[in-house]
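The values are calculated or read from the model by the stated rules, or taken from the named source; none is laboratory data. Computed from a predicted structure; not experimentally measured. Positions of Cβ are generated from backbone atoms using ideal geometry, with glycine treated the same way; all protein chains shown enter the neighbour counts. The accessibility values were calculated without ligands, DNA or RNA, using every heavy atom of the protein model including side chains. Shrake-Rupley method; radii C 1.70, N 1.55, O 1.52, S 1.80 Å.
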Amino acid sequence: MKVLVLGSGGREHAIAYKCAESSKVEKVYVAPGNGGTAIENKCENVNISKIDEFVAFAKKEAIDLTIVGPEVYLVEGVVDTFKKEGLKIFGPGKIGAQLEGSKSFSKDFMKKYNVKTAAYEVFTEVEPAIEYLKTVDYPIVIKADGLAAGKGVVISETYEDAVSTVKSFIVDDVFKGAGQKIVIEEFLTGPEASILAITDGKTMLPFISSKDHKKIHEGETGPNTGGMGVIAPNPYFTKEVEEDFIKNIMNPTLEGIREEGFDFTGIVFFGVMITQKGVYALEYNVRMGDPETQAVLPLMDSDLVEVIEKALDGKLSEVTLEWKNGHSCCITGASKGYPASYPTGFKITVNDKFASKLFIAGAKEEDGELLTTGGRVLNVVAIDSTLEDARAKAYNDMKNVDFEGLYYRKDIGEIK
Ligand code: AMP
Ligand code: GLY
C-alpha cells in the first residue's frame, strides 16, 4: 500500500512511523512533512500543502489511503473533496469536523445528546454577555467559538476581567472572526485526560488514555502551549473513571454522531476533566492529539493501517485494539522563547547513546542535518514497564539530544 499523511508536526511523524511499521505498507508520503519524516524508514516528503495539490498527488501516485493530521484541513472539507474524487481518506467530513471547529456547535451537540459537560451559554453580542456575567460564580470560563490555535480559552477570576475578555473577543476581534461568537461556561476543576477514540460512525473504540502537560513551565505555570509532554496511560484514568467516561461521554457522543448522520470515519479526541462530580467533556477534537499521538501510538500493538481500513469498511466492530503492557513518556523539546517568539535555524545533534524514539515536530532536513524551524522542535518518547522507568529513560535521553536554546519541562509525568 501507498499511504499519504497530511501535516508537518510531531504528530504526523508519529503517524507516518506507525504506518511504516505495517507489513502492508510499502511507502508513506508525508505532505509537507518535516525533517523527521524526511529520514524515517519508508517515508518521503512531498512539498505540497493545499487541498487541490493533495488530491492531484493522491491521484497521480495512486495512493491507497490518506490520513489527515491537523484539524484545519478537516474543517476546510478535505475529506469531502477526496471522497468526491473517489479517493480513500480517513477523517470526518466538513460537518462532523464542526465538533472541533465550533465550540457552540459542540456544546449544543453535547447538550442535545446528554454528553456530560459544563453548563454554558452562547453569545454574539457584548451587552447580553455582560448581563450574564453579573449572575455567574467566579472563576468563569470564556471560549472563542472558532479555531484559535489553542489560545481561545480564558479563565477569568473576576467580573472585571471577564468583561474585558469578552470585549477583547467580540469587539477587538483578537481571533480574527473566531471569537466573535463566544461560549461562557462553568469552571470545573480536577485532573484532565486526553482520550483518542477511533470510529466508523457505528462503533467507537477508545485508545489507551493519556495526559498532556499544556503549560510552558513546571507545575502547570506560565502561558499555554501546544503541549510540553504526555504520559500514557493517564494515572488518573482508572477503571472506574473509564466506565463513567464510556457511559456518560463516549456512548452518547457516538449516538449523536449516528443520529445526526455525520459522515464520520475518523478520530474523536475527548478532552475530559475528572472532577468530584464525575467525568466531564471539556471539548472534542476530530483528529489525533499533538503530542498525545507521539506517546500513544508507540504503545499500540495493533497494525494502525489495518485498523483504519476496517473503520473505512464500516467493520470496526470486528476489531479489538491491542496495546503493549507498558507506559510511555513523551517530552517536548522546545526553542528558547516559545510560546512567544524564538530564533530558529539551529542544528540538532543526537549522540549515539540516544536510545528512545525521536519524533521531529519543528525542524527541516538540509544536507543531512536537522535544523530547527519551530517552537516545538522535537519529542523524545520512551517506553518501559513502569511510568517511573519510562520517565527516567526519556529524561536521560534528553541529555543525548541538543540544539542551541533547547528548553523542556523537568516534571513531565510527575504525579503528586
Ligand atoms: P478546551 O480547548 O475547551 O479544551 O480548553 C482548553 C483548556 O482550558 C482545557 O484543557 C482546560 O485546562 C481549560 N478549560 C476548558 N474548559 C474548562 C472548564 N469548564 N473549567 C476549567 N477549565 C477549563
Ligand atoms: N495536545 C492537545 C491537542 O492536540 O489539541
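Listed values, structure above:
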| item | result |
| --- | --- |
| Relative packing of 5-12, 117-124, 190-197, which averages over residues the other C-beta atoms within 10 Å, highest first | 5-12, 190-197, 117-124 |
| Prolate/oblate/rounded label for the stretch 283-322 (Cα gyration tensor, a/c 1.5) | oblate |
| The stretch 261-278 - phi-based ³J(HN,Hα) in whole Hz, Karplus 6.51/-1.76/1.60, Gly and Pro as x | x, 5, 7, 10, 10, x, 10, 10, 9, 9, x, 10, 10, 9, 9, 4, 9, x |
| Alpha-carbon centroid distance for the pair the stretch 294-342 / the stretch 1-54, whole angstrom | 15 Å |
| Cα-based convex hull, the stretch 174-274, per residue volume (Å³, whole number) | 151 Å³ |
| Cα principal axis extents for the stretch 268-416, largest first, Å | 48, 41, 32 |
| Relative pair counts by distance (%), Cα atoms of the stretch 157-218, 10 Å bins | 16, 25, 34, 21, 4 |
| Reachable lysines from residue 18, criterion Cα separation under 22 angstrom, eight or more residues apart if same chain | 2, 27, 42, 88, 211, 310, 315, 324, 357, 364, 393 |
| Three-way shape call for the chain based on the alpha-carbon gyration tensor, with the a/c threshold at 1.5 | rounded |
| Dipole magnitude of the stretch 1-93, debye to nearest 20 (Cβ charges: Lys/Arg +1, Asp/Glu -1, about Cα centre) | 220 debye |
| Between the stretch 62-98 and the stretch 140-206, the alpha-carbon center distance in angstrom | 25 Å |
| For the chain, size of Cβ-based charge dipole, Lys and Arg +1, Asp and Glu -1, in debye | 280 debye |
| Helix-only [θ]222 nm of the chain, DSSP H runs n ≥ 4, -39500 (n - 2.57) each, per residue, nearest 500 | -7500 deg cm²/dmol |
| Cα gyration tensor shape of the stretch 1-58, rounded if a/c is under 1.5, else prolate or oblate by comparing a/b with b/c | oblate |
| 17 Å Cα-Cα reach of residue 134 towards aspartates and glutamates, excluding residues that sit fewer than 8 places from it in its own chain | 121, 125, 157, 160, 161, 185, 186 |
| Net lengthening on full extension, residue 130/residue 27 (0.36 nm per residue, minus Cα-Cα) | 31.6 nm |
| Protein-only accessible surface order, largest first, of 155, 15 at 1.4 Å | 155, 15 |
| Those aspartates and glutamates that a straight Cα-Cα span of less than 16 Å connects to residue 214, excepting residues fewer than 8 apart in one chain | 192, 283, 290, 292, 411, 414 |
| The chain, relative contact order [Cα under 8 Å, separation at least 6], % | 17 percent |
| For peptides 256-262, 161-167, 67-73, sequence by mean Cβ density within 10 Å, most packed first | 67-73, 161-167, 256-262 |
| Peptides 169-178, 106-115 ordered by average Cβ neighbours within 10 Å, highest first | 106-115, 169-178 |
